[in-house]
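S.K.: Here it is, the structure, as structure tokens.
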Amino acid sequence: MYKKKSLGQHFLHNPFYLNTVADAADIKEGETVLEIGPGEGALTEKLLERGANVIALEKDSRLIEGLRKKFSGKDLEVIEGDALEFDISNYALKDYKVVGNIPYYISGALFKKFLTTEHQPSRLVFLVQKEVAQRIARSKKESILSLSVKAYGNPKYIKTVPAGAFSPPPKVDSAILLIENISRTNFKNKKHEEKFFELVKKGFSQKRKLLRNTLGDIGALSTARAEDVSLGEWLELSRS
């Protein structure tokens, strides 16, 4: 089957990397895993092998029937639809994890959707562009994206996945990114959460300039640039 460029389809079939993704999800028997973009089911198989109850969201209608046939009798529900429009509140889930080999062009939107939803997953494992994973989990400089992720959970760069491991190969390497311990404990309430993001976006609106140019006199941080301010410092600023 030809891959749809419009859906950013790059299927992973390499057993080593598939197992690494599934291992990062740390699945316990009977846990629910929401899989984004199962494709031909290579990762789905690894999740089911580990005892997961899988809800698979697939946008490509051509793949639905094949997935249902391949895993007939298994603990799998295949839903045709767009992950960005999926409403997790329709499912009475006490706890769930999100795993997926996701299209690069919607990675930021998917992080936002699942980290800020009212019913957050406990753990999220995504295959993303290597550069994005590095920016979130390894860079010494912060960004709106890295702070937005760290505000809700602990990101970990698990492993680089070379372009050649995919079919067809993308133009750049990928990486397995884990976000664990997802919660809202960094925020006192909804108002604080909103204030934090308002402040961060304002601070990064002219990221080359010192914060005193965007936020005014904020004490010792006035002479810092937005990218050099830690999550803890942004949280403290948003509390004051």
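The values are calculated or read from the model by the stated rules, or taken from the named source; none is laboratory data. Predicted, not measured: the structure shown is a model, and the values here were computed from it. Neighbour counts run over all protein chains shown; Cβ positions are idealised from the backbone, glycine included.
S.K.: Could you identify the single residue in Ile106, Ile102 that is touching a strand residue (DSSP E or B) at 6+ places or on another chain (Cβ under 7 Å) and closer than 28 Å to Gly41 by Cβ?
M.R.: Selected residue: Ile102, the only one of Ile106, Ile102 that is touching a strand residue (DSSP E or B) at 6+ places or on another chain (Cβ under 7 Å) and closer than 28 Å to Gly41 by Cβ.
S.K.: Considering only residues that are among the hydrophobic types (A, V, I, L, M, F, W, C) and in contact with a Ser or Thr (Cβ under 9 Å, 6 or more places away or on another chain), which ones fall in the range 204-240? Reasoning before the result, please.
M.R.: Taking the range 204-240 as the starting set, the residues that turn out to be among the hydrophobic types (A, V, I, L, M, F, W, C) are 204, 210-211, 215, 218, 220-221, 224, 226, 229, 231, 234-235, 237.
Phe204, Leu210, Leu211, Leu215, Ile218, Ala226, Leu231 - these are the residues of the range 204-240 that are among the hydrophobic types (A, V, I, L, M, F, W, C) and in contact with a Ser or Thr (Cβ under 9 Å, 6 or more places away or on another chain).
S.K.: Additional query: Taking the condition out of contact with any Cys (no Cβ under 8 Å at 6 or more places or on another chain), basic (Lys, Arg) and modelled with pLDDT of 95 or more, does Lys171 pass? Explain how you work it out, then say what you get.
M.R.: Numbers: out of contact with any Cys (no Cβ under 8 Å at 6 or more places or on another chain): yes; basic (Lys, Arg): yes; modelled with pLDDT of 95 or more: no.
The answer is no for Lys171.
S.K.: Given (1) of a type in the set (D, E, K, R); (2) over 20 Å from the mean Cα position of the chain (by Cα); (3) within 22 Å of Ser167 (Cβ to Cβ), identify the lone condition not met by Glu29.
M.R.: (3)
S.K.: Determine which member of the set Lys190, Lys207, Lys141, Lys202 is without any contact (Cβ under 8 Å) to a residue 24 or more places away in the chain and touching an Asp or Glu at 6+ places or on another chain (Cβ under 8 Å).
M.R.: Of the residues listed, the single one that is without any contact (Cβ under 8 Å) to a residue 24 or more places away in the chain and touching an Asp or Glu at 6+ places or on another chain (Cβ under 8 Å) is Lys207.
S.K.: Continuing with the same structure: Could you look through the range 200-216, keep only residues that are assigned to a loop (DSSP other than H, G, I, E, B) and hydrophobic (A, V, I, L, M, F, W, C), and pick out the one that is nearest to Leu237 (Cα to Cα)? So that I can check it myself, show each step before the final result.
M.R.: The initial filter retains those residues of the range 200-216 that are assigned to a loop (DSSP other than H, G, I, E, B), namely 204-209, 215-216.
Then keep just the ones that are hydrophobic (A, V, I, L, M, F, W, C); that gives 204, 215.
Working: Phe204: 14, Leu215: 10 Å.
Ranking the qualifying residues of the range 200-216, first place goes to Leu215.
S.K.: What number of residues in the range 115-163 are in a helix (DSSP H, G or I) and of a type outside the set (Gly, Ala, Ser)? Walk me through how you get there before you give the answer.
M.R.: Within the range 115-163, the first condition is being in a helix (DSSP H, G or I), and the residues that meet it are 115-116, 130-137, 144-150, 163.
Then keep just the ones that are of a type outside the set (Gly, Ala, Ser); that gives 115-116, 130-132, 134-136, 144-145, 147, 149-150.
Summing the residues that are in a helix (DSSP H, G or I) and of a type outside the set (Gly, Ala, Ser) in the range 115-163 gives 13.
S.K.: One residue is enough: does the range 146-163 have a residue meeting the conditions within 20 Å of Leu43 (Cβ to Cβ), touching a His at 6+ places or on another chain (Cβ under 9 Å) and in contact (Cβ under 8 Å) with a residue 40 or more places away in the chain?
M.R.: no
S.K.: Another one. Would you point out the residue of the range 30-64, among those that are without any contact (Cβ under 8 Å) to a residue 24 or more places away in the chain and hydrophobic (A, V, I, L, M, F, W, C), that is surrounded by the most Cβ atoms within 10 Å (Cβ to Cβ)?
M.R.: Going through the qualifying residues, I end up with Ala56.
S.K.: When the residues of the range 85-105 are filtered to those that are modelled with pLDDT under 95 and among the hydrophobic types (A, V, I, L, M, F, W, C), which remaining residue is nearest to the chain's Cα centre (by Cα)?
M.R.: Ranking the candidates gives Ile102 first.
S.K.: For His119, which of the numbered conditions (1) in contact (Cβ under 8 Å) with a residue 40 or more places away in the chain; (2) touching a strand residue (DSSP E or B) at 6+ places or on another chain (Cβ under 9 Å) fails to hold?
M.R.: (1)
S.K.: Identify, please: which residue in the range 165-195 is within 20 Å of the chain's Cα centre (by Cα) and polar (S, T, N, Q) and is, among those, surrounded by the most Cβ atoms within 10 Å (Cβ to Cβ)?
M.R.: Step by step, filter the range 165-195, then rank; the result is Ser174.
S.K.: Does Tyr96 satisfy being aromatic (Phe, Trp, Tyr), within 19 Å of Lys113 (Cβ to Cβ), crowded, with 20+ Cβ neighbours inside 10 Å and in the same structural domain as Lys171 (by TED's automatic domain parsing)?
M.R.: yes
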